[in-house]
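Before I ask anything, here is the structure I am working with.
The values are calculated or read from the model by the stated rules, or taken from the named source; none is laboratory data. Quantities reported herein were computed from a predicted structural model and do not represent experimental measurements. Cβ coordinates were reconstructed from backbone atoms using ideal geometry, including for glycine residues, and neighbour counts include every protein chain displayed.
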Amino acid sequence: MRDVAVVGFAQRQMPEFDGSPTCVEMLVPLLAECYEQTGWTRRDIGFWCSGSSDYLAGRSFSFVSAVDAIGVIPPVNESHVEMDLAWAMYEAWLKIQTGEVDTALVYAFGKASAGVLRRTLGLQLEPYTMTPLWPDTVSLAGLQARAGIDAGVWDETAMAEVANRSLTDAEKNDWSIRKGGSSVEELLARPMYADPLRKHDCSPVTDGAAAIVLAAGDRARDVRETPAWISGLAHYIDPMGMGTRDLTRSPSAERAAAAVDLSGVEVAELHAPFSHQELVLRRELGLADDVRINPSGGALTSNPMFSAGGIRIGEVASRIWSSEVSKGVAHATSGPALQQNLLCVLGSTTEGTN
Amino acid sequence: MTRTLSAPVTVAFDYTRSTGPVVGRFLTGLRDGVVVGGRTSAGEVVVPPLEFDPVTHEPTTEFVEVGPGGTVTSWVWVPEPVKDQPFDRPFAFALVTLDGATRPFLHALDVSSPDEVSTGMRVRVRFAEERVGAITDIVFEPEIGEPAATTTLQTVDPVTGVIVPVSLDYLYAASPEESAFYRGLNEGRIVGQRCPTCQKVYVPPRSACPSDGTPTAEEVEVSQTGTITTFCIVNVPFLGQKITPPYVSAYVLLDGADIAVLHLILGVDAAEVRMGMRVKAVWKPEAEWTYSLENIDHFEPTGDPDADYDTYRHHL
């Protein structure tokens, strides 16, 4: 296996993007930041991969328009996933592993506010017996939250603790669109929304984009003194049906955790769009009490569709570049109620990358 | 003035899907007035039945009638229903383990307040009067009072397909550069953007130059006269066609632009249209102008001599 590191990261998050859903005008400055961080031009990028969905954009071939932001003369080596940035990064990591390229820039974007996000996501469900009912994302998460409350696996106080810590940490993150911690008591005094969820238990609809730069071996060392080396990358999927799995558990997250080495992890950025989902993930990953969870404020305070998972990777990488931590794990999710889970372990040394 | 122009857009498509023997069996049951689960190799009864056994991966072949009564295992309040959900006023989604099943089944529960729902409560399936063999033929209701009489049927032809209409509403915004283009059209002007790196002028404008990725900073008004670079004569009718065939669709390279726009050519016999022909924009009456390329009704020949091939050979 080749040593591959995250060497660049840029992000944008906002409640409502005043621009087209192709997001070209948001991507151009984002890519410029990546060039500035690496000292590269677009000609130094061996492979490109983007993540987006036409269902979010409300138009066809939105990812093709987005390619304008790269500039494609001479032609570029380019791919696309209809998944979060984290999966685009996975494809790029594999591409580098093949030896065909040494560098990659991946980006993802979405203007979730253009439609009704929680409804649009009904299109990722089973099309015969689920989608025709239009079970929205918030409802599916609410069914999961209550299953855990009824089973005594977590309670509303534990959910409010997650929300309060996230809102407090978000105050230090310029990109978080919801911030301001108070107290667990104050949060619990707020009204129910989708009982058993209060609004602060649900991530806000967020527009945004993000980009990650990967490089192998010496190309990474040329860019940064301490590249964030990828020592583990794993992705598993649970069945989609809400009735055929124990909603209080996440077997796919547990399997992903077993496939990587989480020992010594100091920070974990978990892509939990609903407060109780962080509790599920912490349990499945077996994280020790002293592991810092979501210092960015996490997806609960800002969750741009198609980039929020990859942003977790960028947030951990940034803390490794600055030597704040020497090892961390980033998580990304997709599908209803934590159906799909990806883990990416990052470290300041190449130990474990083979 | 906002930075961008936007307009509501609805994207809709009716997905026609074949069901196969397992989902078809389940939906046939709903049409006939019974709920059918599938038995797995581990002895579980799952509703809707799984197409394949999760352990042996063999197709599900054993079906069991379940319900209509059942027990709520989880529920959520839906305070603000979204379009096409089973109810257009607040309701609950519930996971219900139907009598005879071992796994819960997701559907809507007809209650008017969260106070009327609790985990463990008894509910039953309520069948719609008119049923087509779709998941929307039923909802759950609290097990209170006598159930409404359900007409059970013994239909012969199984359900083999469903049509799932999908309709998504958006507020679609044009980019700032496209917005300038549409604002220009509303004033009878054609506005493009110039790439500061390669000097190419894009009409309609792009936010970044697709050749080199540079943001296109400079707004440029281009001529209303141009050259046909290529064209086709449309003889075939198609869904959504606005003009009766035959007609000519052509790429018109406006003077001062580097990208051709697609438009209609009139005022000339289709057989006369040719590459290099000089044409000019014919606008609709000003009273009809809006933020649209359709303000230009069509292009027609100027009568000038054809453009030299070299003037457009790089724009084909």
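Among the residues of the range A:121-145, how many are more than 7 Å from chain B (Cβ to nearest Cβ) and among the small types (Gly, Ala, Ser)?
3
Still on this structure, I have one more. Which count do you get for residues in the range A:145-184 that are within 18 Å of residue A:298 (Cβ to Cβ) and not in a loop (DSSP other than H, G, I, E, B)?
Initially, the range A:145-184 is screened for residues within 18 Å of residue A:298 (Cβ to Cβ), giving A:145, A:154, A:158-182, A:184.
Subsequent filtering for residues that are not in a loop (DSSP other than H, G, I, E, B) retains A:145, A:158-170, A:184.
Qualifying residue count for the region: 15.
OK, next. Applying the selection to the range B:56-86, what residues are more than 17 Å from residue A:192 (Cβ to Cβ) and touching a residue at least 40 places away in the same chain (Cβ under 8 Å)?
Residues of the range B:56-86 more than 17 Å from residue A:192 (Cβ to Cβ): B:56-73, B:82-86.
Matches in the range B:56-86: B:67, B:68, B:69, B:70, B:71, B:72, B:73, B:83, B:84, B:86.
Identify, please: which residue in the range B:227-244 is under 14 Å from residue B:273 (Cβ atoms), of a type outside the set (A, V, I, L, M) and free of Cβ contacts under 8 Å to residues at least 40 places away in the same chain and is, among those, surrounded by the most Cβ atoms within 10 Å (Cβ to Cβ)? Walk me through it before giving the result.
Within the range B:227-244, the first condition is being under 14 Å from residue B:273 (Cβ atoms), and the residues that meet it are B:227-235.
Now drop any that are not of a type outside the set (A, V, I, L, M), which leaves B:227, B:229-232, B:235.
Of the ones still in play, those that are also free of Cβ contacts under 8 Å to residues at least 40 places away in the same chain are B:232, B:235.
Details: B:232: 12, B:235: 9.
The residue in question is B:232.
While we're on this one: I'd like the full set of residues that are in contact (Cβ under 8 Å) with a residue 60 or more places away in the chain and either touching an Asp or Glu at 6+ places or on another chain (Cβ under 8 Å) or under 17 Å from residue B:257 (Cα atoms) (or both), limited to the range B:269-288. Don't jump to the end; show me each part of the working.
Taking the range B:269-288 first, the residues in contact (Cβ under 8 Å) with a residue 60 or more places away in the chain are B:281, B:283, B:286.
Those that are in contact (Cβ under 8 Å) with a residue 60 or more places away in the chain and either touching an Asp or Glu at 6+ places or on another chain (Cβ under 8 Å) or under 17 Å from residue B:257 (Cα atoms) (or both): B:281, B:283.
Which residue is surrounded by the fewest Cβ atoms within 10 Å (Cβ to Cβ), if the candidates are limited to the range B:60-88 and must be under 36 Å from the mean Cα position of the chain (by Cα) and among the polar types (S, T, N, Q)?
Only one residue fits best here, namely B:61.
Could you please find all residues in the range A:158-191 being of a type in the set (A, V, I, L, M) and touching a strand residue (DSSP E or B) at 6+ places or on another chain (Cβ under 7 Å)?
Our first condition is that a residue be of a type in the set (A, V, I, L, M); within the range A:158-191, this holds for A:158-160, A:162-163, A:167, A:170, A:177, A:184, A:187-189.
The answer is A:177, and nothing else.
Got a sec? Which of A:278, A:324, A:269, A:315 is among the acidic types (Asp, Glu), at pLDDT 95 or above, within 29 Å of residue A:207 (Cα to Cα) and out of contact with any Asp or Glu (no Cβ under 9 Å at 6 or more places or on another chain)? I'd like the intermediate steps shown before the answer.
Details: A:324 fails: out of contact with any Asp or Glu (no Cβ under 9 Å at 6 or more places or on another chain); A:269 fails: out of contact with any Asp or Glu (no Cβ under 9 Å at 6 or more places or on another chain); A:315 fails: out of contact with any Asp or Glu (no Cβ under 9 Å at 6 or more places or on another chain).
When all the criteria are applied, what remains is A:278.
Name, by its number, the condition in (1) at pLDDT below 90; (2) in contact with a His (Cβ under 7 Å, 6 or more places away or on another chain) that does not hold for residue B:245.
(2)
Name the single residue, out of those in the range A:19-45 being in contact with a helix residue (DSSP H, G or I) (Cβ under 8 Å, 6 or more places away or on another chain) and among the small types (Gly, Ala, Ser), that is farthest from the other protein chains (Cβ to nearest Cβ).
Only one residue fits best here, namely A:39.
Further question: So if I check each of A:221, A:245, A:249, which one is without any contact (Cβ under 8 Å) to a residue 60 or more places away in the chain and part of a helix (DSSP H, G or I)?
On the way: A:245 fails: part of a helix (DSSP H, G or I); A:249 fails: part of a helix (DSSP H, G or I).
Exactly one residue qualifies, and that residue is A:221.
Could you check the range A:21-58 and list, in sequence order, the residues that are of a type in the set (Gly, Ala, Ser) and without any contact (Cβ under 8 Å) to a residue 60 or more places away in the chain? Quick ask: steps written out before the conclusion?
Taking the range A:21-58 first, the residues of a type in the set (Gly, Ala, Ser) are A:32, A:39, A:46, A:50-53, A:57-58.
Passing the criteria: A:32, A:46, A:50, A:57, A:58.
Could you please let me know if residue A:176 is in contact with a Gly (Cβ under 6 Å, 6 or more places away or on another chain), under 26 Å from residue B:80 (Cα atoms) and not basic (Lys, Arg)? Please lay out each step first, then the result.
Values: in contact with a Gly (Cβ under 6 Å, 6 or more places away or on another chain): yes; under 26 Å from residue B:80 (Cα atoms): yes; not basic (Lys, Arg): yes.
Against the criterion (in contact with a Gly (Cβ under 6 Å, 6 or more places away or on another chain), under 26 Å from residue B:80 (Cα atoms) and not basic (Lys, Arg)), residue A:176 qualifies.
Here's another thing I want to ask about it. Return the residues of the range B:87-140 that are outside any loop (DSSP other than H, G, I, E, B), hydrophobic (A, V, I, L, M, F, W, C) and more than 12 Å from chain A (Cβ to nearest Cβ); say none if nothing qualifies.
To start, the set of residues in the range B:87-140 that are outside any loop (DSSP other than H, G, I, E, B) comprises B:91-98, B:105-109, B:114-116, B:122-127, B:135-140.
Then keep just the ones that are hydrophobic (A, V, I, L, M, F, W, C); that gives B:91-96, B:98, B:105-106, B:108-109, B:123, B:125, B:127, B:135, B:138-140.
Once the filter is applied, which keeps residues that are outside any loop (DSSP other than H, G, I, E, B), hydrophobic (A, V, I, L, M, F, W, C) and more than 12 Å from chain A (Cβ to nearest Cβ), the range B:87-140 yields B:123, B:125, B:127.
Which of the residues spanning the range B:275-302 are assigned to a loop (DSSP other than H, G, I, E, B) and either under 29 Å from the mean Cα position of the chain (by Cα) or surrounded by 11 or more Cβ atoms within 10 Å (Cβ to Cβ) (or both)? Full working, then the answer.
Here is the first cut: in the range B:275-302, the ones assigned to a loop (DSSP other than H, G, I, E, B) are B:275-277, B:284-285, B:289-292, B:302.
Matches in the range B:275-302: B:275, B:276, B:277, B:284, B:289, B:290, B:291, B:292, B:302.
Right, something else. Residue B:82 - would you say it is part of a loop (DSSP other than H, G, I, E, B), aliphatic (A, V, I, L, M), under 30 Å from residue B:3 (Cβ atoms) and assigned by TED's automatic domain parsing to the domain that holds residue B:68? Break it down stepwise before answering.
Working: part of a loop (DSSP other than H, G, I, E, B): yes; aliphatic (A, V, I, L, M): yes; under 30 Å from residue B:3 (Cβ atoms): yes; assigned by TED's automatic domain parsing to the domain that holds residue B:68: yes.
Considered against the rule, which asks whether it is part of a loop (DSSP other than H, G, I, E, B), aliphatic (A, V, I, L, M), under 30 Å from residue B:3 (Cβ atoms) and assigned by TED's automatic domain parsing to the domain that holds residue B:68, residue B:82 comes out as yes.
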